[in-house]
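See structure below.
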Amino acid sequence: MAHAVKELFPDTKLAIGPAIADGFYYDLDCTHSITQEDLAEIEKKMKDIIKARRPFVRKELSRGEAVELFSRLGETYKVELLNEITDDTVTVYEEGDFTDLCRGPHLESTGKVKAFKLLSVAGAYWRGDENNKMLQRIYGTAFPSKEELKKHLDFLEEVKKRDHRRLGKELDLFSLNDDIGAGLVLWHPRGAAIRRAIENFWLDEHHKAGYQILYTPHMAKLDLWKKTGHLDFYKENMYSPMEIEGLEYEIKPMNCPFHVSIFKSHLRSYRELPLRFAELGTVYRYERSGVLHGLLRVRGFTQDDAHIFCREDQIEDEVLRVLDFTLFVLKTFGFSDYDIYLSTRPEKYVGTDAAWTKATGALEKALIEKGLKYEVDPGEGVFYGPKIDIKVRDSLGRQWQCSTIQVDFNIPERLDISYRGSDSKDLRPIMIHRALMGSLERFFGVLIEHYAGAFPFWLSPVQISLLTIAERHAEYSRAILDTLIKEGIRVDLDDDNEKIGYKIRKATMLKTPYMCIIGDKEMENNTINIRKRNGDTVGEMTIDELISFLKDEIINRR
């Protein structure tokens with residue numbers, strides 16, 4: 001592809017072009033603004049290169065020779081990359097009159113390429129830094145056969161239909177507005193109704209599970225973030241401090257220091273442990289504009305956060321409880337397929353090696369005891385401790401990071417918290433961080449795509465629509481509306497002067513689970529007629545039967 005672009009647009013400079021999970025991309029510095037229409041021309045040129053069956057020739061050069069070569073070719077981005085490489089030798093590949101820097105290996109020749117497709121063009125800052133030049137990025141994919149390529153392209157079409165940004169707009173769930181600020185979410189009434197259902201479920205289940213609910217501020221003195229280590233290890237994701245009355249404050253990227261402060265507010269006894277604190281806490285993290293993506297990557301979001309303070313002998317039991325709780329919550333939202341990872345010590349970390357070994361061992365032991373299959377993810381722990389990550393698979397089989405469980409020996413030490421033991425000595429508690437859904441915004445985005453916007457009844461923003469056939473049915477329908485609202489059902493009434501077919505289509509487009517058709521027969525019988533969003537009919541019911549039917553759906557969260 002890079003060769004084809006260079007032939008069509010000779011002044012193009014090549015940046016980085018890696019293979020990725022489901023294809024590849026190449027970042028290009030090109031004076032010509034590449035459009036979707038240009039992709040067909042690039043594909044045509046690629047096919048010419050494939051037909052030529054040119055061999056890929058691997059050459060090993062000293063770093064100095066490679067710098068000289070790419071300087072002569074005018075490939076300044078390659079020279080910049082080479083100047084950062086510490087190896088004495090590097091590899092380049094030649095194909096015809098085209099040369100590129102690459103680790104390899106490659107196929108024998110261009111003729112081995114069977115089926116490919118260029119997908120899209122996007123902007124991308126060089127090295128992902130908005131202070132650098134904006135480049136053009138071409139995405140593509142390739143497969144060993146046309147059949148496999150077609151299957152993948154069909155999959156991508158389904159992904160496009162489920163895109164939460166498109167459905168969020170069509171279903172009037174949320175918006176992102178540059179006038180407000182990039183990465184800051186506005187929840188519309190319909191989206192807020194779903195969020196409220198999620199939060200109510202979360203609060204009820206946490207109460208049952210023995211958690212105490214907290215509320216904490218959105219900022220704290222900068223000194224607090226120095227003590228926790230966030231300023232040393234997380235500074236690039238934090239916003240600039242603000243000065244208030246001569247003191248520096250920082251908007252919070254995490255909730256944990258506040259929960260520690262509440263634990264520390266008075267003397268704790270070993271009899272109180274474990275203490276389980278939970279909060280739907282909104283945090284703010286600096287994400288570069290190039291990585292922001294709808295609800296999935298934002299700058300302000302609400303974590304379903306909790307911190308468990310326990311004795312060392314309670315760690316395994318608490319991790320087991322959290323694992324059970326996590327899998328129950330995920331299953332309730334319709335996720336029964338997931339992958340589990342045990343993330344170990346990263347390159348930059350705090351605490352002793354012995355503490356890390358003990359914490360990692362406790363997480364691993366809990367996974368083994370539950371009989372859960374997991375993979376070790378080396379070096380992917382957070383700076384203060386190892387973690388278990390649970391990544392759900394949606395209805396298309398895509399993987400999403402949601403739940404995390406982290407054992408922390410370090411923050412209790414840094415913030416100097418203790419409890420009074422049975423021997424009246426002060427002991428250091430262990431702290432377990434955990435989030436079941438991750439962030440509400442990201443989880444909501446995943447839910448939208450998982451269900452393609454057709455939420456289960458208990459989550460739907462409008463659970464049932466009352467549709468009148470004629471104006472004379474409006475008064476009877478309003479009485480039903482008031483009754484259902486009092487029973488806690490999310491209901492709307494469409495009594496506009498439109499044909500019933502139009503009203504059904506409108507409610508179907510909004511993916512409302514149930515529609516009640518109300519006409520002369522229903523008024524005479526004091527009943528309603530129920531239709532599902534897929535077109536199936538449930539039948540005629542009395543109002544009391546309807547309420548019982550709908551409440552059963554809510555209680556069982558079908």
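The values are calculated or read from the model by the stated rules, or taken from the named source; none is laboratory data. Quantities reported herein were computed from a predicted structural model and do not represent experimental measurements. No Cβ is skipped: glycine too gets one built from the backbone with ideal geometry, and neighbour counts run over all protein chains shown.
Within 22 Å of residue 394 (Cα to Cα) and of a type in the set (Phe, Trp, Tyr): is that true of residue 476 in this structure? Spelling it out, it is not the case that residue 476 is within 22 Å of residue 394 (Cα to Cα) and of a type in the set (Phe, Trp, Tyr). Scanning the range 86-106 for residues that are in contact with a strand residue (DSSP E or B) (Cβ under 8 Å, 6 or more places away or on another chain) and not in a strand (DSSP E or B) gives 88, 102, 103, 104, 105, 106.
Selection over the range 121-174 of residues that are among the small types (Gly, Ala, Ser), assigned to a strand (DSSP E or B) and out of contact with any helix residue (DSSP H, G or I) (no Cβ under 7 Å at 6 or more places or on another chain) gives a count of 4. Residues in the range 500-558 that are of a type in the set (Phe, Trp, Tyr) and closer than 29 Å to residue 329 by Cβ were compared, and the one that is modelled with the lowest pLDDT is 549. Looking across the range 228-272 at every residue that is farther than 27 Å from residue 348 by Cα, part of a helix (DSSP H, G or I) and charged (D, E, K, R), the one that is farthest from the chain's Cα centre (by Cα) is identified as 271. If the condition is being among the charged types (D, E, K, R) and either in contact (Cβ under 8 Å) with a residue 40 or more places away in the chain or closer than 14 Å to residue 470 by Cα (or both), then the range 483-523 contributes 487, 490, 494, 495, 496, 498, 499, 503, 511, 520, 521, 522. Selection over the range 482-525 of residues that are over 21 Å from residue 544 (Cα atoms) and assigned to a helix (DSSP H, G or I) gives a count of 10.
From the list 79, 90, 57, which one is of a type in the set (A, V, I, L, M) and surrounded by fewer than 15 Cβ atoms within 10 Å (Cβ to Cβ)? Selected residue: 57, the only one of 79, 90, 57 that is of a type in the set (A, V, I, L, M) and surrounded by fewer than 15 Cβ atoms within 10 Å (Cβ to Cβ). Residue 358 meets all of the listed conditions (1) of a type in the set (Lys, Arg); (2) buried (at least 19 other Cβ atoms within 10 Å of the Cβ); (3) at pLDDT below 90 but one, namely (2). As for the range 244-257, it holds no residue that is within 28 Å of residue 447 (Cα to Cα), surrounded by fewer than 15 Cβ atoms within 10 Å (Cβ to Cβ) and touching a residue at least 60 places away in the same chain (Cβ under 8 Å). Has the range 383-390 got any residue that is aromatic (Phe, Trp, Tyr), surrounded by fewer than 21 Cβ atoms within 10 Å (Cβ to Cβ) and within 24 Å of residue 303 (Cα to Cα)? So far as the range 383-390 goes, yes, one or more of its residues are aromatic (Phe, Trp, Tyr), surrounded by fewer than 21 Cβ atoms within 10 Å (Cβ to Cβ) and within 24 Å of residue 303 (Cα to Cα).
For residue 58, the conditions (1) more than 25 Å from residue 136 (Cα to Cα); (2) touching a residue at least 40 places away in the same chain (Cβ under 8 Å); (3) not in a strand (DSSP E or B) all hold with the exception of (3).
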